[in-house]
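Engineer: Have a look at the structure that comes next, please.
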């Protein structure tokens, strides 16, 4: 059985239509449950021999997570998309009903969404470190990965063609996707792809990698200006490090594990512990603080295949982490500077946003006096900056409170991307020190923060926000030059060369298709500028310019004026 546990502010569903004839009674009207641990579940064929054993283990796992997040309400929500190996309906119902009984015995308030129905549903996930956890359960408990089978010399030769056919099955199902879905845009614009050989991991194509690299380039420029150093830490780190940080206890089931010379290692799900070791590598003085250290770190988190969603939910992704080590007196100015940096980024992309102050969760480290101080500091900075915010009680990280930034896209959806987290506890765990003016050792305070959050997810949001019509500076191809006829090919290629020399990303279409067809192809690619050169333009030494989103074509444009316009756009992030 596969389950996905979501700690939510609310979940609301309404049965719409029977999906199977064995569907149970759905009741009437929509149902809404607040502050619930929602358990999306798929009962599998392997559960059929012992459904009661599966129910018992599922209830135990739900109980363990519910206690960690202090949830009193549990929603069992059948969600067939988590697995392609579903059990018979009667087995699934047996497991869900038995799980419900067992959880009620443990004194939880339990709701069960009706089995066998198509349902509309709305859900708001809390967004703290334990709010999204996946589990793969058997009657014997959490499933263990089978050891790889040793290859035998006498085995039949590998059928390379059959293997190639198997890994080539991946195909985007567009039936239930809107035209502005980033997965469709990614395919149309040739930005990225996915393959079953690496579930939840992005294969960036040339054009998609240009977008990725331009975002990284801007990130680096702005962070250098803001006084950040950039580091890079290893992908695989000893289990001991994750035990010290607390991630082993909280995230173990979502961490990829490996071993080297009988030592257990973890593929990092977070960048923070590596940053701690960089801090500890040399003695620090109060003169070194504040120390601002950024890392565009690649992380991996185990997710069930059924919940992977294009760039929005992946296994391998890049976090634009930064950690600021400072004194308590420096906290206000450092937090204000981070907020200013986040504001600069989001305004540049045209995003509106709102702010939430997330306070202490039930399960946390550090005593209440530290939490009182940390929450007061964050709230004080928000008030001093006259920022509107709402308090999100109990949704802080396990090591400290945080300020979350929720951006709003052109479709009215909100996404929690940037966050600033104040941490007095982790420096204690890692015994970080600096030498003060009194020549004695002192403990620094730590700020964790991201701006993009996940770079992959941010690109997905941006693609849908703009419907693929990215700003000029970020567009993979900024200008396409078309020849009106074969006679104009040389002139078109000559102008394209000048554009490239000016640093403008340019390609050409000098094929034999009609100009209308070439223009349509360029529009599908969301290219900002389409240049047409025909006999009239070649003779006059001018160009015809079609700007994305405008039907009117500008004729008689001087090439040097156009080059200057595009360069100005790129330099101003237009």
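Engineer: Which three semi-axes in whole Å describe the equivalent ellipsoid of region 472-571, each the square root of 5 times a Cα gyration tensor eigenvalue, listed largest first?
Structural biologist: The answer is 19, 16, 13 Å, longest axis first.
Engineer: Right, next: What is the Cα centroid distance between region 350-369 and region 55-121, reported in whole angstrom?
Structural biologist: Comparing the Cα centres of region 350-369 and region 55-121, I get a distance of 29 Å.
Engineer: Taking neighbour counts of Cβ atoms within 10 Å as a proxy for exposure, in what order, fewest first, do 11, 381 appear?
Structural biologist: Ordered from fewest to most neighbouring Cβ atoms within 10 Å, 11, 381 come out as 381, 11.
Engineer: Report the paramagnetic label zone for residue 118: residues of region 66-101 whose backbone N is under 15 Å from a point 7 Å from Cα along the Cα-to-Cβ axis.
Structural biologist: 80-81
Engineer: Continuing with the same structure: Go ahead and run the numbers for FRET between residue 14 and residue 513, Cβ-Cβ distance against an R0 of 51 Å, rounding to 0.05.
Structural biologist: With a Förster radius of 51 Å, E is 0.55.
Engineer: Now, a different point. Once every DSSP H run of n ≥ 4 in the chain is given -39500 (n - 2.57) and the sum is divided by its residues, what mean residue ellipticity at 222 nm do you get, rounded to the nearest 500 deg cm²/dmol?
Structural biologist: Per the formula, -10000 deg cm²/dmol.
Engineer: While we're here: Per 5 Å bin, what percent of the C-alpha pairs of region 2-142 does each bin hold, from zero upward?
Structural biologist: Per 5 Å bin, starting at 0, the Cα pair percentages come out as 2, 11, 21, 24, 22, 14, 5, 0.
Engineer: For the Cα atoms of the chain, what angle does the longest principal axis make with the long axis of helix 489-501, in degrees from 0 to 90, nearest 10?
Structural biologist: Helix 489-501 sits roughly 60 degrees off the main axis of the chain.
Engineer: Antiparallel as a % of all DSSP beta bridges within the chain, to the nearest 5?
Structural biologist: The antiparallel fraction comes to roughly 75 percent.
Engineer: While we're on this one: Measure nothing but the geometry: give the 0 to 90° angle between the long axis through the Cα atoms of 331-348 and the longest principal axis through the Cα atoms of the chain, rounded to 10°.
Structural biologist: Once rounded, one gets 50 degrees.
Engineer: Would you calculate the separation in nanometres between label points at residue 348 and residue 263, each defined as 7 Å from the Cα along the Cα-to-beta-carbon direction?
Structural biologist: Result: 3.9 nm between the two label points.
Engineer: So between residue 362 and residue 548, what do we pick up on full extension, going 0.36 nm a residue minus the alpha carbon distance?
Structural biologist: Gain on stretching residue 362 to residue 548: 61.8 nm.
Engineer: With everything on Cα atoms, drop me the angle between helix 559-571 and the longest principal axis of the chain, reported from 0 to 90° to the nearest 10.
Structural biologist: That helix lies at roughly 20 degrees to the long axis.
Engineer: Follow-up question, since we're still on this one. Provide the percentage of antiparallel DSSP beta bridges, counting only those with both residues in region 2-142; round to the nearest 5.
Structural biologist: 75 percent
Engineer: If we count other beta carbons within 10 Å of each Cβ, what is the order of 509, 428, fewest first?
Structural biologist: Neighbour counts put them in this order, fewest first: 428, 509.
Engineer: State the label only: which of (1) 27.8, 97; (2) 27.3, 87; (3) 33.6, 122 corresponds to Rg and Dmax of the Cα atoms in Å computed from the shown model?
Structural biologist: After the calculation, the listed value that fits is (2).
Engineer: Determine, for each peptide in 401-408, 531-538, the mean count of other beta carbons within 10 angstrom over its residues, then list the peptides with the highest first.
Structural biologist: 401-408, 531-538
Engineer: State the extension gain, in nm to one decimal, for the chain segment bounded by residue 165 and residue 438, taking 0.36 nm per residue of separation less the distance between their alpha-carbons.
Structural biologist: Additional length available on full extension: 91.4 nm.
Engineer: Looking at region 439-556, what % of its DSSP beta bridges pair antiparallel, to the nearest 5?
Structural biologist: So the antiparallel bridges amount to about 40 percent of the total.
Engineer: Another question, then. Gap in Å between the Cα centre of region 451-474 and the Cα centre of region 227-254?
Structural biologist: So the separation of the two Cα centres works out to 28 Å.
Every read-out reported here was derived from the displayed coordinates using simple, explicitly stated rules and does not represent laboratory data. If you're wondering where the values come from, they're calculated on a predicted model, not measured in any experiment. Heads up, the Cβs are rebuilt from the backbone with ideal geometry, glycines too, and the neighbour counts pull from every protein chain shown.
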